[in-house]
Amino acid sequence: MKNVSNLSNLRHPLKTCVVALLACGMLSGLAYASEAAQPNPHSAAKPMSEAQLIAKAKAIHKHVLTIDTHNDIDINNFAFSRNYSQDVDSQVNLPKMIAGGLDASFFIVYTGQSSEPDAFEAAGYKKAYDSAINMFEAIHRMTTVFAPNQIELARSAADVERIHAKGKKVALIGVENGYPLGDEKTAVKRVKQFYERGARYISLAHQGHSQLSDSNTGEQSGWKWNGLSPLGKQVISEMNRFGIMIDVSHPSKESMLQTLKLSKAPIIASHSAVRSLADVSRNMDDEQMLALKANNGVIQIVGFSAYLKTDAPERRIAQKALREEFKLPDTLWWQAIRHANVPNLSDGQREQLIIRLDALDAAFPPPKRATVKDLVDHIDYAVNKIGIDHVGISSDFDGGGGIDGWNDASETFNVTLELVRRGYTEKQIAQLWGGNLLRVMRDVEQVAAKIQADEKKTAAK
Ligand SMILES: [Zn+2]
């Protein structure tokens, strides 16, 4: 925390445009400004006027280092003609980060979990690996070719602070799904390779079981490994050895609890919400959150509507029946059906399914889209349950994330405003927006340094 609070004293030139934009009322989040200040559960300060509250939030937002730990990328936005130096059609890019005062972003090397027959054979692994390498290279093109004067890749917690202090945006890399690590022949050595390419967290599974770990989706479809696979366990110790954070946002609860027993370093949930408030298998229940606290890890509460507000029970029953009728895999997301072919369904069957989905939506409407208030309700719950040291913030932009008031990176200030409205102090907001995550990153780096030093000592004997 020492370094973060030092940074909070710095004036950040890029953020002055946020203040200007807000003053002009150009950001949609000003809707929040019309609401009355609310009671203040976190401090004994006397109530402020709305104008004072906004001014205070602006100052805090300018001072703290803001890190969003999960932003997906579309490979098509990493070309010479179209890239993040422009305000391309993505929820995160450099103009939007500047407008919203978002200082740092984990960009994601994402691989969907294949369920093709060759998924766990050489050909399937090769497809996954080639796609992952393309994404690593795309992120590097952004920081070295398209916008090297505006954004730089951080390879350590100290890098994050050094780059931010220069007034540049910070890029970090997270890997969503360890599937491209491949089989016993490649997985362990590719951990080092991914580290060298800049990966600073990896999750061992996404939606659907991988060769390394069960996914949360097993709650509906059954388990493959009952937690981690033997290879997944080896990958975890290799991640500890190189200093890569282990991300448990998509793996199953059992996988997460086994990871906690094995890992020598704190772990993260890079984009999850609270299961007690929204009962979906992607979220963390109280037992998981308390285990994360004991491990000194952090849960990055995610601005993803479906994880903050869930469907009514009747809607879920109707969806389950439809899934069974059309024999849809549990891993298939409802949103995907309207946009792409569905495995094992003809075009005609898919058309029928969409008609039935429309009828289902009419009979059992989906919940209203979540808001920044819902996001901060989840943050409040987590802070009350496991303490301010173990909670952070993420959006999952360009991967399904986005809520009313925080639709893209340009609206990032609205999250800070709601935190100030609830009475969080500047120090607490600095922790939530990145201080806690950097603490975990440093711990992971130190554990890796110790493991490597011990190995050298042993080898020298
Ligand atoms: Zn995800």
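Under a point-charge model restricted to the Cβ atoms of Lys and Arg (+1) and Asp and Glu (-1), what is the dipole moment magnitude of the chain relative to its Cα centre, in debye to the nearest 20?
With Lys and Arg at +1 and Asp and Glu at -1, about 1620 debye.
Less than 20 Å apart at the alpha-carbon level, and either on another chain or at least 8 residues along: which lysines does that give for Lys264?
Straight-line reach from Lys264, under 20 Å: Lys189, Lys192, Lys233, Lys253, Lys293, Lys450, Lys456, Lys457.
Treating the beta-carbon of each Lys and Arg as +1 and of each Asp and Glu as -1, no other charges, what is the dipole magnitude of the range 311-366 about its Cα centre, to the nearest 20 debye?
100
Give the distance, in whole Å, between the Cα centre of the range 373-415 and the Cα centre of the range 110-171.
Cα centroid to Cα centroid, the span is 23 Å.
Considering only DSSP beta bridges where both residues belong to the chain, give the percentage that are antiparallel (nearest 5).
Here the share of antiparallel DSSP bridges comes out near 15 percent.
Could you sort 125-134, 391-400 so that the peptide with the highest average Cβ count within 10 Å comes first and the rest follow in order?
Values: 125-134: 17.0, 391-400: 25.4.
Peptide ranking by packing, descending: 391-400, 125-134.
Check the straight Cα-Cα distances from Lys169 and name the lysines below 17 Å, setting aside those fewer than 8 residues away within the same chain.
Here the lysines satisfying the reach criterion relative to Lys169 are Lys15, Lys62, Lys96.
Rounded to whole Hz and in sequence order, give me ³J(HN,Hα) for the range 270-275 from the Karplus expression 6.51 cos²θ - 1.76 cosθ + 1.60, θ = phi - 60°, writing x for Gly and Pro.
After applying 6.51 cos²θ - 1.76 cosθ + 1.60, I find 6, 7, 9, 10, 9, 5 Hz.
Nearest 5 percent is fine: what portion of the DSSP beta bridges confined to the range 89-229 is antiparallel?
Percent antiparallel among DSSP bridges in the range 89-229 is about 10.
Please turn the phi angles of the range 68-80 into ³J(HN,Hα) values with the Karplus equation 6.51 cos²θ - 1.76 cosθ + 1.60 (θ = phi - 60°), one per residue in order, whole Hz, x for glycine and proline.
Whole-Hz 3J(HN,Hα) from phi for the range 68-80: 9, 8, 8, 10, 6, 10, 9, 4, 5, 8, 10, 10, 4.
By a straight-distance test (C-alpha under 18 Å), which aspartates and glutamates pair with Lys224 as possible cross-link partners, with residues fewer than eight away in the same chain excluded?
Filter leaves Glu116, Asp118, Glu121, Asp183, Glu184, Asp214, Glu254, Asp330.
No value in this document is a laboratory result; all are computed from the given coordinates. These numbers were taken from a predicted model, which means no experiment stands behind them. Every residue, glycine as well, gets a Cβ built from its backbone with ideal geometry; the counts of neighbours run over all protein chains shown.
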